[in-house]
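Just so it is clear, none of the values below were taken in a lab; they were calculated from the coordinates. Being a predicted model, the structure only gives us computed values, none of them experimental. So basically every Cβ, Gly included, is an ideal-geometry build from the backbone, and we count neighbours across all protein chains shown.
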Amino acid sequence: MEAPDGSSGVSVTIVLVIAALALTVVARFVSDGKDVARIRPSLPATVGLIVTTIIVAALALKFGQAHYRLALASGLTVGALAIYAAEVLGGLVAPIGVAVVASTLLHFLPPNAIAEGQFALLTGLAIGVVTLTGRISLTTAIVGTTLVAADFFGAGHKNVPASIDSGSLLGLSALLGMIAVKLLPAKVDWVRPIGVAILIAAAGFVLAKRIDAAPLANAVGLGAITALVLNWLAPDDERDVLRLVIAGIIAVSMATVAYSFYRVAGVSAALVAMLTILFAAGNKTAVLTASTVFGIVLIRLLQKADSGYTTSLDIGQHFILLGVFLGVVVPLLPLDKAMPAKWKESVNSSLWFLLLVSACVFVEVMLGHRGVTGFVAGLGISGIVSALRAEQSLVPIAIAPGLVGVHVFCLDRFENWTNFSRDEKVKFFIIAGVITIAMAGVIALLSRPAKKEVAA
């Protein structure tokens, strides 16, 4: 894997983590207040989270490269714990703080292992989302991914120590802004996203000065302005298809311009600004319309992890289309699950995640680099599909980064599998099909409602 070099230094990381923790506590007890609904994860859900994390970590440690084992275990554990912490804390602002803490903690890893830990973190976040099936923590998973991407691409674009803190610093500024605007009277709700936009744009300017990269400030400012436009064009629960499509086009156009400013580091930084502002506005619909940009960033993460995915973009074959289709559909499969309240539901959630992992392995082996590229592109589109449903959900784009993390692990360890002969692929298809059908059968049995006793 091509990993960016550089480290912000332990002292800077300690300061950032302490600041994020302090602001998260303030958000929990001041901004979110006592009236915000909080749903503490049930015991079966908690055990399911722990067991699934242990299983995935054991697989990663067994098949992963020896010098990356600490990073893999750390990323998976931090990601899963972040989701649990967000569910326990609840509220609207505290989950953003948890995301900042989680992404910044990985800076304690050795510089050459941070990238591996970041991809593992994405998978850990997805484990938490699927096994707990919470709703509050979806914000943590989505924002956490954008912060990791901004840190990753920031370090890769400009090799100076401070650049790896790009996402963390923007996240902290957004968190501070959300805490400040929550103190405003309810009658001026419309001012809140504007206030956060001003603060995060200012943070982008300071960050650009700090790393001597003026175009980065332009990208962050553009992301902030785009967020305000999307918040107006696609208000929460908007059902006008035309408005949603136009919002999606605006988001993609923003990514194009941000790329011209500061390459993919500019796109990821602009995405941090855009999503945090939209979350501050409480606009889930607008967040979903921006999922295409989310998908673009995920594709670039995949390309940075392995150059084979970059060259595959030039080959237009049906594997890409199949990958796109699967990428759209797979994140929608566990969409309507409820948080496990019973042991069999906890087992069901764990099986769902393993089934999602199986889908990633299938695409990797059967469709190769081209299919995986299409699959990741489809993950971004799945958010638009979710926005058009009667009951909108952030689940697709919350678990999408975790699926990318699975692909990155597969390409590191099982790259030779993509070179299977036709007969070997047929054999793999049969074995994988039998396992998938068996898992789907168990999930179906566990999902059946209990029979009601008929009164005599």
Subject >> Cut-off of 10 Å, at most 10 other beta carbons, DSSP loop: longest stretch of the chain lacking such trypsin sites (Lys or Arg not before Pro) >> reply: 35-450
Subject >> Hz values of 3J(HN,Hα) by residue in the stretch 88-98 - Karplus curve (6.51, -1.76, 1.60), Gly and Pro given as x >> reply: 5, 5, x, x, 10, 9, 3, x, 5, x, 4
Subject >> Paramagnetic reach from Val252 in the stretch 267-290 [backbone N under 20 Å; point 7 Å along Cα→Cβ] >> reply: 267-272, 274-275, 285-290
Original post:
Once label points are set 7 Å from the Cα along Cα→Cβ at both Ala180 and Gln65, what is their separation, rounded to one decimal in nm?
Top reply: 4.3
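Taking the Cα centre of the chain as origin, work out the dipole magnitude from +1 charges on Lys and Arg Cβ and -1 charges on Asp and Glu Cβ, in debye rounded to 20.
Numbers: 31 positive and 25 negative charges, 145 e Å.
Once rounded to the nearest 20, the dipole reads 700 debye.
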Original post:
Toward the positive end of the charge dipole of the stretch 10-447, about the Cα centre and with charges on Cβ (Lys, Arg +1; Asp, Glu -1), which of Gly368, Leu326, Ile114 goes farthest?
Top reply: Ile114
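At R0 = 35 Å, how high is the FRET efficiency between Lys209 and Leu21 if r is their beta carbon distance? Nearest 0.05 is fine. Intermediate values should be presented prior to the final figure.
Working: r = 26 Å, r/R0 = 0.75.
Computed FRET efficiency for Lys209 and Leu21: 0.85.
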Original post:
Each residue of the stretch 224-232 in turn: what ³J(HN,Hα) in whole Hz from Karplus with 6.51, -1.76, 1.60 and θ = phi - 60°, glycine and Pro shown as x?
Top reply: 5, 5, 4, 4, 5, 5, 5, 5, 7
Original post:
What percent do you get for the relative contact order of the chain when only Cα pairs under 8 Å and 6+ apart count?
Top reply: 18
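Lys342 to Phe29: FRET efficiency via 1/(1 + (r/R0)^6), r the Cβ-Cβ distance, R0 30 Å, to the nearest 0.05?
On the way: r = 33 Å, r/R0 = 1.09.
Working from the Cβ atoms, E equals 0.40.
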Original post:
If you look for lysine pairs in the stretch 10-447 that are eight or more places apart or on different chains, how many of them have Cα atoms under 19 Å apart?
Top reply: 5
